[in-house]
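Asks: Quick one: the structure is below, questions incoming.
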Ligand code: FUB
């Protein structure tokens, strides 16, 4: 599949997380909707209320099953507003859906919902994960019994309100030569319901081994963490937010540090860019979104897939997003 394909033409879906369970490919997107809320830097216009799950055993032809609504804010006891990017992990016969949602005080927390099936429906727990904050949880199964959650997002994602996992009195957004605000990683507890440790910072190094600076806006982390493994290396990929790139960095273990490598996807139509990378039936794919079908409305995004290729050194070949 060399040309990108839209996967759900009849609805607006964004922020895909993708996994292969039982030899079938499952997609867990955000479900965009027209809420009428004016666009702002806080992301209030991304006012999503539920999730659908999609699955396929024929991604090449884009044959997709919609499993319907699998979780709704009305069923989440601690819900305030804005159900953003989620992810799902499998362990010991259960599927765990991790989701960011503002609580009743308008603070993003990360919640868990459980199902016996990859396609849900998912039953949410009474409270969010203790010590959780910010957005965009992505779960990496290290294959050794350990599961890691990567999370965080700037601006509307509220990451600038925290340092050392504690809330600040007021937000501080680093600038210029300050070190960039990093994504976080945390090992999950054996029962998958809690953090097993304090979240740690993901450091992205430049070609000289120095942490990326806040002013390096075309390379520094903004949101949309994702981790996959290729040829024994850990690939940490993310969005640069206000410069609209999907980039990646490579490390030797789930905690990093990771060294910056390059751009996976150039800007798409629409402000946000967000993705997942997965291998299925011997090919690698980039799942992402853009706002072409909605005529550029940034809060109404559509799911896309395109094949992702590596060169002989394991470098990802840059894909054109079409939004420049
Ligand atoms: O969908 C809402 C937010 O937009 C996501 O959490 C971000 O990653 C961006 O795609």
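Asks: Please express the Cα-Cα pair-distance distribution P(r) of the stretch 175-243 as a list of whole percents, one per 10 Å bin, running from 0 to the bin with the greatest distance.
Replies: Spelled out per bin, shortest first, that is 19, 42, 30, 8, 0.
Asks: Put one equal scatterer on each alpha carbon of the stretch 88-139, apply the Debye formula with no solvent term, and list log10 I(q)/I(0) at q = 0.24 1/Å to two decimals.
Replies: -0.89
Asks: Expressed in whole Å with the largest first, what are the equivalent ellipsoid semi-axes of the stretch 60-113 derived from the C-alpha gyration tensor as the square root of 5 times each eigenvalue?
Replies: Result for the stretch 60-113: semi-axes of 24, 15, 10 Å.
Asks: Let me ask something additional. Within a 10 angstrom radius of the beta carbon, how do 1, 48 rank from fewest other beta carbons to most?
Replies: 1, 48
Asks: In whole angstrom, note down how far apart the Cα centers of the stretch 140-164 and the stretch 78-133 are.
Replies: The stretch 140-164 and the stretch 78-133 have Cα centres spaced 14 Å from each other.
Asks: Rounded to two decimal places and with Rh computed the Kirkwood way over Cα pairs, what is Rg over Rh for the stretch 141-225? Write down the numbers at each step before the final one.
Replies: Details: Rg = 14.1 Å, Rh = 14.0 Å.
Checking Rg against Rh, the ratio lands at 1.01.
Asks: Also: Pick out which of 139, 277, 64 has the largest mean-square fluctuation in a Gaussian network model of the chain, springs linking Cα atoms closer than 10 Å.
Replies: Comparing 139, 277, 64 in the GNM, the peak value goes to 64.
Asks: Over the chain, what is the mean sequence separation of C-alpha contacts under 8 Å (at least six apart), divided by residue count, expressed as relative contact order in percent? List each step's numbers first, then the result.
Replies: Details: 886 pairs, mean separation 49.9, N = 324.
About 15 percent, as a whole number.
Asks: Could you work out which residue, out of 99, 280, 258, moves most in a Gaussian network model of the chain, that is, has the largest mean-square fluctuation with Cα springs under 10 Å?
Replies: So, out of 99, 280, 258, the one fluctuating most is 280.
Asks: What's the extension gain from residue 190 to residue 165 if we count 0.36 nm per residue and subtract their Cα-Cα distance?
Replies: Stretched out fully, the residue 190 to residue 165 stretch lengthens by 6.9 nm.
Asks: Cα centroid distance between the stretch 8-62 and the stretch 209-280, in Å?
Replies: Their Cα centres are 20 Å away from one another.
Asks: With Rg and the Kirkwood Rh both taken from Cα atoms, where does Rg over Rh land for the stretch 122-276?
Replies: Reported Rg/Rh, Kirkwood definition of Rh: 0.95.
Asks: In addition: Taking only Cα atoms and a 10 Å spring cutoff, compute GNM fluctuations for the chain and point out the largest among 288, 228, 274.
Replies: Largest GNM mean-square fluctuation: 228.
Asks: Exposure proxy check: 112, 8, 268 ranked by fewest other beta carbons within 10 Å?
Replies: 8, 112, 268
Asks: Let me ask another. Averaging over all projection directions, find the projected area of the Cα convex hull of the chain and quote it in nm² with one decimal place.
Replies: 15.3 nm²
Asks: Another one. Tell me, what does the Kirkwood hydrodynamic radius of the stretch 275-324 come to in angstroms if you use every pair of distinct C-alpha atoms?
Replies: Result for the stretch 275-324 stands at 12.2 Å.
Asks: Let me ask something additional. Work out how far the C-alpha atoms of the stretch 1-61 reach from end to end along every principal axis, then list the three figures in whole Å, largest first.
Replies: 40, 26, 20
Each reported figure results from applying straightforward, stated rules to the coordinates on display, with no laboratory input. Quick caveat, the model's predicted, so the values are computed rather than measured. So basically every Cβ, Gly included, is an ideal-geometry build from the backbone, and we count neighbours across all protein chains shown.
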